[in-house]
Amino acid sequence: LKLSHGSTFSYSFWSFELPKFSPKFSPSSSCTSILTALILIVLITDPFSSFPVMSITAFFRSDDELATCSRAVSTMSRRQESGGSSGSSHSGGRRHDAVRSKAAAYVGERVGGESLLGERRGRRRPRASALWAFVANTASVGAVHWETGLQGTTFWDCNGAACDAKVLHPFEEDLYLYAPQYAPADPEQLGGNAYGEKLWLTGAASDDLTETMGQGTNCCGDGKGCGRCLLVRNPTAVNADWTAVVMKKSRCPPESKGCSAGLKHIDLAVPGFELLSESTANVCGSSGRKDTFITADQASLCSGWALNATDTSGCNCAALPNATLEQQMLRRGCEVFAEWGWTSGDPQLEFLHVECPKAWASRVGDGFTSSGVKTLESPDYTWWIVIAVVVVCVCIFIGLINFMVDRREAKKRYAEMEKRKLRQRQKPHQKRAQSSSRGSTSSSQSGVSSEGESEQSESEPVRP
């Protein structure tokens, strides 16, 4: 694309010398060579460094523009070659240079005024997102050979994950549940994907698959392989280009179908896609568990999708309950997975070992604690508040009654005390009054007796 022999490619703060392309190469071959060279540069420097990434991803807004570039160059090349093949190699080189110049001008207009050589044309550099996903997947994933031989199935038995068995302390079976936070999720709703994937899931891995995962992490349970992730894709799905990150959260025991020794198997946890006829530990709706959020029939709602549809997108996940936040999360997980469009219940998947996205590890890690599934609903303290208000009112009422009784008793005691004081004050006066009354009574009695004697003496005759 407008490359002269031995020209220097400069962008930002770094540069490198391009190889000398032969004039015999077609423009489409040159474009492919350039992209290959750029990918190699990313690999050589640091595939996770934003510096070279931004230098490359600034060229296109999307993969469609990349394809447009390739088609434009190929079309111009065919037109140039159809115009005649005679002439010297020198004139042919000039014609190729002219084609490259036109392609560079076209790409410069498509990319918003900045050509592949980094020449500014007075417009802002476009935001790079889709091409980075393309380059990153090609450099760090696409260049790696996808492993095969992994069989995939689905389940949702509501039973606790093996990786959470030691997290629950003390262990109580009624609290041992598969958390709604482990249901499939859309990466775009949690901050964006890490590898261009469309889904985040959890699952149960067979022992042979677990052996390839290594030791578990500290984020998401206790056990070998716990918290480790795979990047999987389903070549037979309707959306065969979709990839999904799957974290191991449980163990698929050898006695389960497809998980026997020597087989690599991943059982994806998807609400609504439980196959009850194959399940060995379904506890959905069981009275022995605290709250499974859905019943066994609801957990297997989409298990018969093949009877009425050609792929999983024919499942109606809207039949799942949607009353609580946990149930909403389960229904959304069913919908996200159904859109993938599996055409078989047990397809052969291709996979790679990758690091778990931080946002997914955070959500899964917070889903289960030592006391069981972490609730998503805010605690309802209404009845506690009502009870507290009633208790306070009763206490106030009792307190008022006691206060009134105490006041009445206090008044009685005060009145009695006043009476005692009054009696004490009246006692001296009563004594004096009694003594004076006694004196008057004795004097009166003496007067009466003297008068009686005188009268008697007067009435009796004097005897000679």
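The values are calculated or read from the model by the stated rules, or taken from the named source; none is laboratory data. As the structure is a computational prediction, the values presented were derived from the model and not from experiment. Backbone-built Cβ (ideal geometry, glycine too); neighbour counts: all protein chains shown. Accessible surface areas use protein heavy atoms only, side chains included; no ligands, DNA or RNA. Shrake-Rupley method; radii C 1.70, N 1.55, O 1.52, S 1.80 Å.
Listed values, structure above:
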{"item": "Of all residues making up the stretch 367-396, the number that are part of a helix (DSSP H, G or I) and either open to solvent by 70 Å² or more (accessible area, probe 1.4 Å) or of a type in the set (Gly, Ala, Ser) (or both)", "result": "14"}
{"item": "Any hit, the stretch 162-179, residues being open to solvent by less than 10 Å² (accessible area, probe 1.4 Å), at pLDDT 95 or above, over 16 Å from residue 368 (Cα atoms) and of a type outside the set (Asp, Glu)", "result": "no"}
{"item": "Members of the stretch 290-335 that are under 23 Å from the mean Cα position of the chain (by Cα), under 30 Å from residue 254 (Cβ atoms) and either touching a residue at least 24 places away in the same chain (Cβ under 8 Å) or open to solvent by less than 50 Å² (accessible area, probe 1.4 Å) (or both)", "result": "290, 292, 293, 294, 298, 299, 330, 333, 334"}
{"item": "Single condition residue 353 does not satisfy, out of (1) in a loop (DSSP other than H, G, I, E, B); (2) surrounded by fewer than 16 Cβ atoms within 10 Å (Cβ to Cβ)", "result": "(1)"}
{"item": "Entirely in the stretch 176-272, the strands (runs of 3 or more DSSP E) that have 1 or more residues that are among the acidic types (Asp, Glu) and in contact with a Ser or Thr (Cβ under 7 Å, 6 or more places away or on another chain)", "result": "264-269"}
{"item": "Unmet criterion (only one of (1) touching a residue at least 40 places away in the same chain (Cβ under 8 Å); (2) not in a helix (DSSP H, G or I)) for residue 287", "result": "(1)"}
{"item": "Qualifying positions in the stretch 235-249 - touching a residue at least 12 places away in the same chain (Cβ under 8 Å) and either among the hydrophobic types (A, V, I, L, M, F, W, C) or touching a Gly at 6+ places or on another chain (Cβ under 7 Å) (or both)", "result": "237, 238, 239, 242, 243, 244, 245, 246, 247, 248, 249"}
